[in-house]
Each structure stands twice: as structure tokens, then as C-alpha cells.
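Quick notes on the structure that follows.
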Amino acid sequence: MIASKRSTHKLSAARVALGAALLLAPGAPRAATLPIDAAWAADASWDDGLAEVSLYAAERVIYGKPRPHELRTIVVKEDLAADSHVKADPPLPGRALTTVLKLNLVASVPTENYPYQFLTSLFVRRDDVRRLVKATVGSQEWCGNTFKEVVTWGGRPRIHFHSYFDGQADGDLPLALGDDGLLDEQLLLALRSIVLPEGRSVSLRVADPITSNHQEPVEIRVAVLSASGAGDVETPLGRIPSRRFVLKREGSGETIYWIEEAAPRSIVRVESTDGTKMLLRERARRDYWSRR
């Protein structure tokens, strides 16, 4: 278990000033895109050929009860083939590519009956982590498989699904993300690059979580994100100085995110009124795909 490299994820004063200028006075949020510093995703540490692998003590509600489990997050830079939207194999020169950061969320959630397995993969543009390229969700439990794919090319964003539930089966639903909408799970990347001065708020549009074994219409909600304090968070890795952000969703509740102040600006802790919890336990940079 090692801490990720604290290399060069530094906010530039110019970008911070620009982010502040885009926001209104405290208590007066306005509709806007999430203010970010592109230098976080552009940092050279993502070019080292390794992935950031983190382990969280987590909870989510299934059958009306909180279910403790382990959640692994994997963040890695990839080059997607622009025509097929999958990871491109070498040789790469001359090919049309989209450079992305990929976030995998991997969980096995035990219940009294059987475990629920979830793998969610999100691909965002490296030059702007607010821009989703695609997302996939696979769910497996003893009753069946469900698969979803969020597609952003070939027209308006939409979600394809294949579900074992009656009334769902196979289909295609629009996903009204627009130019400024974010997936709920995408916030676990985007908030790591946020530029939001203390006491300020910004209004966002955030989709309900897509990590589930059902497929229902995904609602895009107006939400207000506020920077609301800083302090140390106690974790198995020690006390981590963090900034606190509160996301309040229209008609849905709120989620609190603690983001590490120093590089690599990890998600340290998450708590939501829907019962979702995360607390950082381990992190490392490694080539998890190697056979050794």
C-alpha cells in the first residue's frame, strides 16, 4: 500500500481567479458549467503508464438496508479509437484518437440472498473531464444480468440497455445531458479538478445514478454545489486535509464530498442521504493488467 505521487497537480492562480469570476456572491448560485482546472487531468503523472487504484470502505442500500462492502476505483489514461470508441491498440500514429481518463467503479455487495456485482466504466475527455465520451454499467446477481451503455455520438446522448426485468428487456432511452449535464458517477472524477472558492456555490445539472440492476428513465436534476469548509478527515491512511463540498439535488437529497487538498486530490470520503458512503482505505499506482 503506497500513497499516490504528489507531483504537480497545482491550481494556477489565473485559473482560480477565472473560476471565481464566473461565480456569483455567496448564497447566489447561477446556472453554469462546473468550474474546473484542466491542469489536474493534464498532469504528467497520468502519462506514467500506470493506473491509480484506490480501495474504499463503502455502503449502499439494497432491500432497504445499508450494505457494507468494498469499492475499488481505477483511474487511468487511455486512447480511444475515434471510430469504434474502444481502447486503441498500437500502432497509434496516424489513427484518429480521443484521449480520455477512464474511471472504473468495481463493487461486490453482499446481501442475505446473494451478492450484487457492479462494474461501472466512465470515459471522459482528458482535456475537459466535464465532457462524457461514454459510460457502461454491468450488473450481475443470481436472477440475471443487466447491461447499459451511455452513448454520446451519432446524435443526442442516449442510453442503450439490456435487462432481464419484464417491461424493460432491450431498449434505447434519451439522456438529456445537454452541454452541461454530468452523470452522478462522473462527479467522482470531475470534482477532483474543481475550482470553487470557499463559500461559493454553482448550479449544475446532474443525472441520477446509473449503477443499478434496473433500467428506468434517468432523471436529470438541477443541483447546487457549494464549497463549505475544510478540515482533516480521519482515514486508515491517516488524517488527510480535505475540502468539503455539498451537492443538493432538487427533489432528491444531498451528497457531501471530501476532496483531498493536495495532489492527487483523491476522493477521501462521500456520504449521501440515499445511504451511499465511501471512505478511502488504500491507494496505489500500478499496472493491474500485468500478468505476474
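Throughout, read-outs are computed from the coordinates displayed, never taken from laboratory work. Computed from a prediction, not measured in an experiment: that's the story for all the values here. Note that we place each Cβ from the backbone using ideal geometry, even for glycine, and neighbour counts take in every protein chain shown.
For the reader, a short list of remarks on this structure follows.
- Working note: Karplus 6.51/-1.76/1.60 with θ = phi - 60° gives segment 113-129 the couplings 8, 5, x, 9, 9, 10, 9, 10, 10, 10, 10, 10, 5, 5, 7, 6, 5 Hz, where Gly and Pro are set to x.
- Relative to the compact-globule estimate of 2.2 N^0.38 Å, the Cα radius of gyration of the chain comes out at 0.98.
- Between the listed residues I194, P264, F147, the Cα displaced farthest toward the positive end of the dipole of the chain, a dipole computed from Cβ unit charges relative to the Cα centre, is found at P264.
- Contact order, relative form, for segment 13-285: 18 percent (alpha carbon pairs under 8 Å, 6 or more residues apart, mean separation divided by residue count).
- For segment 185-229 versus segment 234-292, the inter-centroid distance based on Cα atoms is 14 Å.
- The HN-Hα couplings worked out from phi for segment 71-76 by the Karplus form 6.51 cos²θ - 1.76 cosθ + 1.60 (θ = phi - 60°) are 10, 10, 10, 10, 10, 8 Hz, whole numbers, x standing for Gly and Pro.
- The charge dipole of the chain, taken about its Cα centre with unit charges on the Cβ atoms of Lys, Arg (+1), Asp and Glu (-1) only, comes to about 780 debye.
- Dipole magnitude for segment 83-228: about 640 debye, using +1 per Lys or Arg Cβ and -1 per Asp or Glu Cβ, origin at the Cα centre.
- Max-minus-min Cα coordinates of segment 142-292 on each principal axis give 47, 47, 30 Å, with the largest extent listed first.
- Computed over the chain with a Gaussian network model linking Cα atoms closer than 10 Å, the most mobile of G64, G144, G253 is G64.
- Selection from G253, A42, F165, by position along the positive dipole direction of the chain (Cβ): A42
- Over the chain: helical MRE at 222 nm, DSSP H runs n ≥ 4 each giving -39500 (n - 2.57), nearest 500: -1500 deg cm²/dmol
- ³J(HN,Hα) computed for each position of segment 221-236 - Karplus, 6.51 cos²θ - 1.76 cosθ + 1.60, integer Hz, glycine/proline x: 10, 6, 9, 10, 9, 10, 8, 9, x, 8, x, 7, 10, 7, 9, x
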